[in-house]
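What follows is a single structure, written as structure tokens, with notes after it.
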Ligand SMILES: C[C@](O)(CO)[C@H](O)COP(=O)(O)OP(=O)(O)OC[C@H]1O[C@@H](n2ccc(N)nc2=O)[C@H](O)[C@@H]1O
Ligand SMILES: Nc1ncnc2c1ncn2[C@@H]1O[C@H](COP(=O)(O)OP(=O)(O)OP(=O)(O)O)[C@@H](O)[C@H]1O
């Protein structure tokens with residue numbers, strides 16, 4: 001008998017560095033970025049239905065059902081595969097939206113991989129990643145599930161093996177619009193391309209940081225506070241700010257001090273996504 005229900009993790013990501021090399025004719029930006037996953041994220045539960053209906057049962061504030069990336073991913077996969085089955089979906093959402101830790105993209109990728117499994121489509125990662133890219137620039141890395149150096153608009157991926165520290169992640173209570181940051185005239189768009197791998201030390205900056213810090217005092221504050229303990233960085237276009245520590249004990253200590261006034265969490269960096277570890281265990 002085939003499996004009819006499945007619960008899968010949907011991890012967050014960090015951009016350990018992010019350089020903007022230029023702007024394309026279509027307005028999208030050429031980037032170089034290093035992605036790593038966190039062992040921290042949402043959890044999605046799927047149950048197959050035989051009437052072809054796709055239904056997300058969890059409400060999202062401010063996101064209509066059909067605009068949710070989970071529903072969009074499921075519909076696209078159904079359409080492109082010609083599958084006649086449907087799906088009921090529930091999510092335990094803990095990742096902040098607009099935090100630069102990729103929650104929406106990760107949810108879309110977990111949906112693609114979960115449904116590929118439950119609907120027994122047999123699609124390979126290349127095909128799922130290509131479909132994922134039509135949903136968002138960050139979806140492919142979540143589909144592939146390995147820490148990666150990304151180029152292009154984020155879709156050209158090569159596996160990387162950065163250290164896996166414990167991170168303190170601060171979540172300033174502001175939602176940063178990615179489109180807004182990328183259209184800021186003050187954004188630096190001329191970083192020289194890095195041509196050697198792994199990324200040489202001294203390249204950990206995020207070119208979005210000056211623009212985000214200028215616009216959002218809450219992000220500035222988080223960077224200043226975490227910066228007293230370690231190098232404090234911005235992930236994606238923010239708002240989340242993070243810093244690495246060699247042990248959980250040290251990360252917990254700093255987190256306890258900072259989360260008296262700020263929201264945040266501690267999580268381990270991981271080069272293999274917890275989604276893929278779970279899927280492996282099912283085989
Ligand atoms: C900055 C990153 O977070 C790095 O991980 C991502 O590249 C952003 O990925 P995302 O949130 O999935 O972004 P998308 O939904 O594809 O794009 C949102 C908006 O950001 C701008 N955008 C995004 C990616 C990119 N390489 N150049 C851009 O200029 C575009 O205006 C786009 O309309
Ligand atoms: N399942 C979903 N989870 C989160 N956001 C979603 C989802 N579906 C649609 N969205 C929309 O996408 C927007 C961006 O959400 P997301 O959590 O991916 O941002 P982010 O963490 O800044 O991502 P990124 O790092 O990829 O820019 C949200 O503000 C919301 O309107």
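Within the range 94-132, which residues are surrounded by fewer than 17 Cβ atoms within 10 Å (Cβ to Cβ) and either within 16 Å of ligand 2 (Cβ to nearest atom) or in contact (Cβ under 8 Å) with a residue 24 or more places away in the chain (or both)?
94, 97, 120, listed by residue number.
Can you tell me which residue among 262, 275, 223, 234 is free of Cβ contacts under 8 Å to residues at least 24 places away in the same chain and in contact with a strand residue (DSSP E or B) (Cβ under 6 Å, 6 or more places away or on another chain)? Lay out the reasoning, then the answer.
Working: 262 fails: free of Cβ contacts under 8 Å to residues at least 24 places away in the same chain; 275 fails: free of Cβ contacts under 8 Å to residues at least 24 places away in the same chain; 234 fails: free of Cβ contacts under 8 Å to residues at least 24 places away in the same chain.
Selected residue: 223, the only one of 262, 275, 223, 234 that is free of Cβ contacts under 8 Å to residues at least 24 places away in the same chain and in contact with a strand residue (DSSP E or B) (Cβ under 6 Å, 6 or more places away or on another chain).
Among the numbered conditions (1) out of contact with any strand residue (DSSP E or B) (no Cβ under 8 Å at 6 or more places or on another chain); (2) part of a loop (DSSP other than H, G, I, E, B); (3) more than 16 Å from ligand 1 (Cβ to nearest atom), tell me where residue 229 comes up short.
Evaluating residue 229 over (1) out of contact with any strand residue (DSSP E or B) (no Cβ under 8 Å at 6 or more places or on another chain); (2) part of a loop (DSSP other than H, G, I, E, B); (3) more than 16 Å from ligand 1 (Cβ to nearest atom) leaves (1) as the failure.
Each row is one residue, and each column tells you yes or no for (1) within 11 Å of ligand 1 (Cβ to nearest atom); (2) farther than 14 Å from residue 30 by Cα.
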position	(1), (2)
156	no, no
162	no, yes
166	no, yes
169	no, yes
172	no, yes
183	yes, no
187	yes, no
190	no, no
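Being over 16 Å from residue 119 (Cα atoms), surrounded by fewer than 19 Cβ atoms within 10 Å (Cβ to Cβ) and more than 16 Å from ligand 2 (Cβ to nearest atom), is that true of even one residue in the range 45-52? Break it down stepwise before answering.
Pass one, the range 45-52, residues over 16 Å from residue 119 (Cα atoms): none.
No: zero hits.
Tell me, which residue of the range 1-46 that is away from ligand 1 (no atom under 11 Å from the Cβ) and out of contact with any strand residue (DSSP E or B) (no Cβ under 6 Å at 6 or more places or on another chain) is modelled with the highest pLDDT?
Checking each candidate, the answer is 25.
Find the residue count for the range 239-256, including only residues that are within 17 Å of residue 166 (Cβ to Cβ) and either touching a helix residue (DSSP H, G or I) at 6+ places or on another chain (Cβ under 9 Å) or surrounded by 16 or more Cβ atoms within 10 Å (Cβ to Cβ) (or both).
The first filter runs over the range 239-256 and keeps only residues within 17 Å of residue 166 (Cβ to Cβ), leaving 240-256.
Retained after the next criterion (residues that are either touching a helix residue (DSSP H, G or I) at 6+ places or on another chain (Cβ under 9 Å) or surrounded by 16 or more Cβ atoms within 10 Å (Cβ to Cβ) (or both)): 240-245, 250-251, 254-255.
Adding up the residues that qualify gives 10.
Results for (1) modelled with pLDDT of 95 or more; (2) more than 18 Å from the chain's Cα centre (by Cα); (3) within 11 Å of ligand 1 (Cβ to nearest atom), shown as yes or no for each residue.
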{"position": "95", "(1), (2), (3)": "yes, no, no"}
{"position": "99", "(1), (2), (3)": "no, no, yes"}
{"position": "107", "(1), (2), (3)": "yes, no, no"}
{"position": "112", "(1), (2), (3)": "yes, no, no"}
{"position": "118", "(1), (2), (3)": "yes, yes, no"}
{"position": "121", "(1), (2), (3)": "yes, yes, no"}
{"position": "125", "(1), (2), (3)": "yes, no, no"}
{"position": "131", "(1), (2), (3)": "yes, no, no"}
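Identify, please: which residue in the range 54-89 is within 16 Å of ligand 1 (Cβ to nearest atom) and in contact (Cβ under 8 Å) with a residue 40 or more places away in the chain and is, among those, surrounded by the fewest Cβ atoms within 10 Å (Cβ to Cβ)?
76
Do we find that residue 176 is within 14 Å of ligand 1 (Cβ to nearest atom) and at pLDDT 95 or above in this structure?
Details: within 14 Å of ligand 1 (Cβ to nearest atom): yes; at pLDDT 95 or above: no.
Against the criterion (within 14 Å of ligand 1 (Cβ to nearest atom) and at pLDDT 95 or above), residue 176 does not qualify.
Scan the range 139-161 residue by residue and report those that are at pLDDT below 95 and crowded, with 18+ Cβ neighbours inside 10 Å.
Let us first name the residues in the range 139-161 that are at pLDDT below 95, namely 152-156.
Matches in the range 139-161: 154 only.
Do you know which residues across the range 184-238 are buried (at least 18 other Cβ atoms within 10 Å of the Cβ) and under 17 Å from residue 35 (Cα atoms)?
Within the range 184-238, 199, 206, 207, 208, 209, 232, 233, 234, 235, 236, 237, 238 meet the criteria.
The values are calculated or read from the model by the stated rules, or taken from the named source; none is laboratory data. Please read all numbers here as calculations on a predicted model, not as lab measurements. Glycine also receives a Cβ, built like all others from the backbone with ideal geometry; neighbour counts cover every protein chain displayed.
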